[in-house]
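Only the coordinates and a few stated rules stand behind these numbers; no lab work does. Keep in mind that what you see is a predicted model, and the values were worked out from it rather than measured. Virtual Cβ from ideal backbone geometry, glycine too; neighbours counted across all protein chains shown.
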Amino acid sequence: MVGEGYAGVCQKPWQFSCWNKTDPNYQFLIGVKEIPFRELAQCRIAADQVIDGKVPDRTGGATHYYATSIKAPAWAAKAKQTLKLGHHIFFKNVP
């Protein structure tokens, strides 16, 4: 179901830009372009570690984030910021 579980959340429309058909990374996700093996292997290892609870949640329980390259969403004003990492800001307690 879209929006439930790891796959459902990741593939929910507009949740992650790489799944948007206009995003350049979409071509990798649908198999038109091949993801370099080294990068794919690193991503799979990292994802497995998170899913298995082997690494701590650096986001402090965040449920939302946005990239600083866009205007802050309205919900960010009333949410609790938990982490700023590079060009991404993470939040929890989003109304």
Options 7, 46: the member that is within 19 Å of residue 88 (Cβ to Cβ) and of a type in the set (A, V, I, L, M)
46
Scanning for something surrounded by 10 or more Cβ atoms within 10 Å (Cβ to Cβ), in contact with a helix residue (DSSP H, G or I) (Cβ under 8 Å, 6 or more places away or on another chain) and hydroxyl-bearing (Ser, Thr, Tyr), does the stretch 6-17 turn up at least one residue?
yes
Just need a number here: residues in the stretch 33-59 that are more than 15 Å from the chain's Cα centre (by Cα) and surrounded by 12 or more Cβ atoms within 10 Å (Cβ to Cβ).
3
Considering the stretch 60-78 alone, what residues qualify as being under 18 Å from residue 12 (Cβ atoms), β-branched (Val, Ile, Thr) and surrounded by 10 or more Cβ atoms within 10 Å (Cβ to Cβ)?
63
